[in-house]
Amino acid sequence: MKRIVILGAGTGGTILANTLSRKLTDWQITIVDNSKQHVYQPGLLFIPFRLHGYETREDVTKPIKRHLPEKVEFVSAQVLGIDHAANKVQTSAGIIEYDWLIMALGCSVDPEAVEGLPEAMGKTAQTFYTLEGAMALQKALDGFKEGRVMLSIAEMPIKCPVAPIEFVFMADYYFTLKGIRERVEIELVTPLTGAFTKPVATHVLNEIAAGKNIKIRPNFDIASVDNEKKTISSFSGESFEYDLLVTIPPNVGPEVIDDSGLGNGAGFALTHPGTLKSKKADNIYVLGDNTDVPTSKAGSVTHFEAEIVEANLLREISGQSPIPDFDGHSNCFIESGFGKALLIDFNYEVEPLPGSFPLSKVGPFSLLKETRLNHWGKLAFKQVYWNLLLTGHLPGDPLLPATMSMDGKDLSQWHPHHG
Ligand SMILES: Cc1cc2nc3c(=O)[nH]c(=O)nc-3n(C[C@H](O)[C@H](O)[C@H](O)COP(=O)(O)OP(=O)(O)OC[C@H]3O[C@@H](n4cnc5c(N)ncnc54)[C@H](O)[C@@H]3O)c2cc1C
């Protein structure tokens, strides 16, 4: 029996285990993960603020197996090596051979990469990019009465590049509700030129931040953290004081990808941006946060990529060539507090623009604009994720096509040569 092995049972791996097992009924599909729990990572943003429905670990985790079809074999093991010349994966549970391999191992934060940060973690510094971190930050915020909360992005790329700006917007809302906003300073320190990676969205988000009295400190390349002095310093010698540091440490891909000769040196797999095939091995596809393709590392991207990988893999299995269809499509709600959110929709070429989504004029969602409906969309996404997205049942066209549609986009502010 022919075998597809999927590495990683997070967003991307789970979707493909579901969709491929429905299409390839006479293939064995095996999925490997070192965790037994699937974390709904967008919920990590809300845990620190105790948003309703996001207070405990159980609110954002479910057993991995619950979302896998019966006939898919789940191997609970660490992936230790990929021998792509011999079509074998080495795991802590033994060697697994494959005909086709799909890599969806995600990425993780590495506090060790910033001098002084490991010493500060759990003391004056916290992160919401892990479940443990988000729970610890919840406690730190419970006890925070006054002073400066500083959100620091160490370097790009990071997964969900809008999560830091959402965090400071939510912090403004949280401290306002607690009645202590005037005693708390909120700052975002970033290596970027502003609140986001692309100019039109950066302008909109900078304005919203200014309106909420949130200071953005751009172009800051962090060199070190001093837990005793409670300061962060840059390579160019700038230094800022904080009372609570909320850090997004450098995001790194899995070491096993580099060690197996498939990576770019930072753990991200060298991936063809259109077909999503590995650049290093002909029978390997890659999706999600562990690729090196130049778009956001986001669940939405992973979901769109899963559709492209599924189509290309089925093409190859039936003797056809893969098609370089993936355009970098990304789609994200940006929670801005007080029951509102924005929505952005973009790809490799087209930056986030104002307008309506998914349909021109009708919407119903608004792009790059704070609305209540966008907020409800963001909250509803949790159920959509568990019940439709992971099982591969989320409708594509015209609601959420894998490739971006220009329908509804307002091009008047777009200057492609700047983007
Ligand atoms: C705070 C936060 C907020 C976010 N908000 C949003 C949002 O609002 N919208 C959005 O679209 N995206 C959001 N994301 C990003 C989204 O969660 C990820 O992009 C998405 O989960 C990526 O899917 P993946 O399959 O690539 O990786 P993951 O879902 O992370 O899965 C990777 C899997 O691989 C396993 N694994 C890793 N290494 C090994 C190994 N060596 N051996 C065995 N198993 C291994 C892990 O246990 C994990 O189960 C957010 C992320 C964070 C951290």
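The values are calculated or read from the model by the stated rules, or taken from the named source; none is laboratory data. Here the structure is a predicted model, which is why all the values come from computation and not from measurement. Here the Cβ is made from the backbone with ideal geometry for all residues, glycine too, and neighbour counts use every protein chain on show. SASA here: full protein model, heavy atoms, side chains in, ligands and nucleic acids out. Shrake-Rupley method; radii C 1.70, N 1.55, O 1.52, S 1.80 Å.
Restricting attention to the stretch 241-263, does a residue exist that is surrounded by fewer than 17 Cβ atoms within 10 Å (Cβ to Cβ) and part of a helix (DSSP H, G or I)? The answer is yes; a qualifying residue exists. When the stretch 1-27 is filtered for residues that are crowded, with 24+ Cβ neighbours inside 10 Å and away from the ligand (no atom under 14 Å from the Cβ), the ones remaining, listed by number, are ILE4, LEU20.
Would you say PRO273 is more than 11 Å from the ligand (Cβ to nearest atom), modelled with pLDDT of 95 or more and open to solvent by 20 Å² or more (accessible area, probe 1.4 Å)?
Against the criterion (more than 11 Å from the ligand (Cβ to nearest atom), modelled with pLDDT of 95 or more and open to solvent by 20 Å² or more (accessible area, probe 1.4 Å)), PRO273 qualifies.
Give me a count of the residues in the stretch 165-207 that are of a type in the set (Val, Ile, Thr), open to solvent by 10 Å² or more (accessible area, probe 1.4 Å) and under 20 Å from ASN331 (Cα atoms). Number of matching residues: 4. Screening LYS409 against (1) in contact with a Gly (Cβ under 8 Å, 6 or more places away or on another chain); (2) open to solvent by less than 20 Å² (accessible area, probe 1.4 Å) leaves a single unmet condition, (2). Residue check: GLY179 meets all listed conditions (1) within 17 Å of the chain's Cα centre (by Cα); (2) at positive phi but one, namely (1).
Hey, among the residues in the stretch 279-301 that are among the polar types (S, T, N, Q) and open to solvent by 10 Å² or more (accessible area, probe 1.4 Å), which one's nearest to the ligand (Cβ to nearest atom)? Please lay out each step first, then the result.
The initial filter retains those residues of the stretch 279-301 that are among the polar types (S, T, N, Q), namely 283, 290-291, 295-296, 300.
Narrowing the set further to residues that are open to solvent by 10 Å² or more (accessible area, probe 1.4 Å) leaves 283, 295-296, 300.
Working: ASN283: 20, THR295: 11, SER296: 8, SER300: 4 Å.
The qualifying residue nearest to the ligand (Cβ to nearest atom) is SER300.
Is it fair to say GLU307 is free of Cβ contacts under 8 Å to residues at least 40 places away in the same chain, within 16 Å of the ligand (Cβ to nearest atom) and within 25 Å of ALA163 (Cα to Cα)?
On the way: free of Cβ contacts under 8 Å to residues at least 40 places away in the same chain: no; within 16 Å of the ligand (Cβ to nearest atom): yes; within 25 Å of ALA163 (Cα to Cα): yes.
Considered against the rule, which asks whether it is free of Cβ contacts under 8 Å to residues at least 40 places away in the same chain, within 16 Å of the ligand (Cβ to nearest atom) and within 25 Å of ALA163 (Cα to Cα), GLU307 comes out as no.
Taking VAL75 as the residue in question, decide whether it is in contact (Cβ under 8 Å) with a residue 12 or more places away in the chain, over 30 Å from SER152 (Cα atoms) and open to solvent by 10 Å² or more (accessible area, probe 1.4 Å).
yes
Within the span defined as the stretch 127-147, every residue fails to be out of contact with any Ser or Thr (no Cβ under 6 Å at 6 or more places or on another chain), assigned to a strand (DSSP E or B) and buried (at least 22 other Cβ atoms within 10 Å of the Cβ). Here LEU389 fulfils each of the conditions (1) touching a residue at least 12 places away in the same chain (Cβ under 8 Å); (2) out of contact with any His (no Cβ under 7 Å at 6 or more places or on another chain) apart from (2).
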